[in-house]
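Chemist: Structure incoming, see below.
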Amino acid sequence: MSLINPLSRRLYLRIWLAVVGCMALLTLSVGWSWRIAQEQKDPPALPPTPPARQMVLRDAAGHPVLRGLLTRTTLASGEFANGTELRIQSNSGQWFTLQMAPHPSPGGQPADTGHADAAFWTRPPFGFLWLLGIVSLAAAVGVYPIIRRLTLRLETLQRSVQKFGEGDLSVRVPEQGRDEVADLARQFNAAAARVEALVQSHKSLLANASHELRSPLTRIRMGLELMSGDQPSPAFREEILHNIAELDQLVDEILLASRLDAREADVGTVELVDLIGLAAEECARVDADLAVNSSSDALQVLGVAKLLRRALRNLLENAQRHSTGNITVLLQRCQGYAEVQVCDRGPGVPPNQRERIFEPFYRLPGASERAGGVGLGLSLVRSIAGRHNGSVHCKDHAGGGACFVLHLPPHQE
């Protein structure tokens with residue numbers, strides 16, 4: 001099971017931060033709106049009355065007309081609300097009152113005497129409700145682009161999955177960002193590419209298999225027609241048996257290729273395999289030379305013995321088919337891998353063909369079907385190597401010919 005990069009886990013964090021930010025903004029705005037509403041509902045308290053002061057009222061000639069104590073207050077209501085009231089008590093005990101209107105506003109009108117004349121929608125408690133509604137709307141509009149950007153990518157992924165399910169195997173999802181949605185898009189693209197390659201491989205396998213199956217069947221049919229009811233000659237009998245063996249081998253290789261392509265298919269028991277013993281048996285079968293440059297412990301791998309044997313046998317049969325001299329198998333440890341080299345003295349493989357020869361049913365230009373093989377042997381070797389987390393490639397053999405190199409991860413104690 002693959003592990004998700006911790007840095008990519010940001011989707012839940014972004015949604016959580018968006019919600020927390022929205023709630024924080026809404027809470028602060030509610031508090032601010034509540035404060036404004038309270039100020040509208042309860043006007044500021046009037047300042048305390050200052051202490052009385054001695055005053056003198058004089059006429060035009062400067063003679064005192066009135067002496068007494070002056071008291072100043074702010075009017076709370078009435079015609080001169082928010083204005084100033086001056087009260088004078090003369091020395092004889094008589095009271096005089098002077099009331100002055102408040103300073104006019106910049107527009108030339110008296111200052112607001114309260115919220116009695118304010119618009120209906122700004123009066124308490126409606127002013128608070130309006131402010132709360134506006135703030136809530138602003139918070140919703142601010143969070144919407146964040147949430148929408150996330151859901152748009154999910155909708156794109158949903159549409160791609162739907163198209164893929166409808167049969168469009170070439171559909172892919174744009175990989176944007178480093179969060180869970182981006183990781184899901186990458187996994188979908190990888191799975192889609194794998195499925196597309198598998199389907200194309202099966203289509204190619206079926207198309208080529210139908211052609212390869214017709215050839216031996218045609219030869220068998222022609223041989224039977226040539227016998228004309230008589231007993232078959234030894235040559236005809238040998239030809240028919242050869243074609244039947246070729247059909248049997250082709251069917252066996254097609255079935256094995258299908259099982260190797262399906263990762264969930266059971267292809268055998270994984271066990272500790274000694275490459276030296278396995279190579280010695282196969283080299284003895286085709287009279288090939290065996291050379292070992294590493295200890296036996298370094299050349300033990302975990303794998304399916306019958307698959308590894310099949311891979312080595314296919315390489316030896318391919319070398320035997322093209323070689324005009326000795327065939328050599330070299331076992332050694334190279335860059336931490338167990339390496340198997342099968343070298344021949346044949347015509348070699350051109351550099352531009354060294355990858356294509358591992359394709360199913362591919363033959364080198366000029367190769368004849370009668371030369372043997374159906375073009376699945378090297379393809380199976382690559383599939384078997386991949387099933388064991390290894391690799392295989394072709395290179396030149398010093399002195400002429402080709403070397404097929406199989407790398408397999410060694411067994412770790």
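The values are calculated or read from the model by the stated rules, or taken from the named source; none is laboratory data. For clarity, every value in this text was computed on a predicted model and none was experimentally measured. With ideal geometry, Cβ positions are generated from the backbone for all residues, glycine too; neighbour counts draw on all protein chains shown. Quick note on the areas: whole protein, heavy atoms, side chains included, nothing else; ligands and nucleic acids left out. Shrake-Rupley method; radii C 1.70, N 1.55, O 1.52, S 1.80 Å.
Chemist: I need the peptides 399-406, 243-250, 22-29 ranked by packing, meaning the mean over residues of other C-beta atoms within 10 angstrom, with the highest value on top.
Modeler: Details: 399-406: 19.2, 243-250: 15.9, 22-29: 13.6.
Result, highest mean Cβ count within 10 Å first: 399-406, 243-250, 22-29.
Chemist: So if we plug the beta-carbon distance of Val267 and Glu175 into 1/(1 + (r/R0)^6) with R0 = 30 Å, what FRET efficiency do we get, rounded to 0.05?
Modeler: Values: r = 33 Å, r/R0 = 1.11.
E(calc), rounded to 0.05, equals 0.35.
Chemist: In what order, largest first, do Thr218, Thr97, Thr73, Thr324 sit by accessible area if the probe radius is 1.4 Å?
Modeler: Values: Thr218 60, Thr97 85, Thr73 35, Thr324 125 Å².
Heavy-atom accessible area, descending, gives Thr324, Thr97, Thr218, Thr73.
Chemist: Ranked highest first by the average count of other Cβ atoms within 10 Å around their residues, in what order do 173-180, 186-193 fall?
Modeler: On the way: 173-180: 15.9, 186-193: 14.1.
Averaged packing, sorted descending, gives the order 173-180, 186-193.
Chemist: If you don't mind, there's one more thing I want to ask. Taking the radius of gyration and the Kirkwood hydrodynamic radius from Cα positions alone, what is the Rg/Rh ratio for region 128-180, to two decimal places?
Modeler: Numbers: Rg = 17.8 Å, Rh = 13.8 Å.
Ratio value, two decimals: 1.29.
Chemist: Here is a follow-up. Please list 3J(HN,Hα) in residue order for region 333-346, calculated via the Karplus relation 6.51 cos²θ - 1.76 cosθ + 1.60 where θ = phi - 60°; whole Hz, with x for glycine and proline.
Modeler: 9, 9, 6, x, 10, 7, 10, 10, 10, 10, 10, 10, 10, x
Chemist: Below 13 angstrom from the Cβ of Leu66, what's the summed charge of the other residues (Lys, Arg +1; Asp, Glu -1)? Before the final figure, lay out each step's value.
Modeler: Details: positive: Arg58, Arg67, Arg87; negative: Asp59.
Net charge around Leu66: +2.
Chemist: Let me ask something else about it. Per 0.36 nm of contour for each residue apart, how much would the distance between Leu154 and Thr218 grow if the chain were fully extended, relative to their Cα-Cα spacing?
Modeler: Numbers: separation 64, 0.36 × 64 = 23.04 nm, distance 5.50 nm.
Answer, rounded to one decimal: 17.5 nm.
Chemist: In whole percent, what relative contact order does region 234-327 give with Cα contacts below 8 Å and a gap of six or more residues? Don't skip to the answer; put the middle values down first.
Modeler: Values: 56 pairs, mean separation 26.1, N = 94.
In percent, rounded to a whole number, it is 28.
Chemist: Hey, another quick one. Run the simple label-point estimate for Leu98 and Ala140 please: 7 Å along Cα→C-beta, distance reported in nm.
Modeler: 5.9 nm
Chemist: Follow-up question, since we're still on this one. Counting Lys +1, Arg +1, Asp -1, Glu -1, what net charge surrounds Gln176 among other residues with beta carbon under 11 Å of its beta carbon? Please report the intermediate quantities before stating the final value.
Modeler: Numbers: positive: Arg149, Arg153, Arg178, Arg186; negative: Glu175, Asp179.
Taking every Cβ under 11 Å from that of Gln176, the sum is +2.
Chemist: Still on this model: If packing is taken as the mean number of other Cβ atoms within 10 Å per residue, what is the order of 136-143, 390-397, 57-64, highest first?
Modeler: Numbers: 136-143: 13.1, 390-397: 17.1, 57-64: 8.4.
Highest mean packing first, the order is 390-397, 136-143, 57-64.
Chemist: Let me ask another. Would you kindly state how much longer the chain becomes between Arg321 and Val161 on full extension, computed as 0.36 nm times their sequence separation minus their alpha carbon distance, in nm to one decimal? Write down the numbers at each step before the final one.
Modeler: On the way: separation 160, 0.36 × 160 = 57.60 nm, distance 4.73 nm.
Gain in length upon complete extension: 52.9 nm.
Chemist: Follow-up. If each residue of separation counts as 0.36 nm, what is the full-extension length gain between Met55 and Leu290 once their alpha-carbon separation is subtracted?
Modeler: Values: separation 235, 0.36 × 235 = 84.60 nm, distance 13.04 nm.
Fully extending the segment from Met55 to Leu290 adds 71.6 nm.
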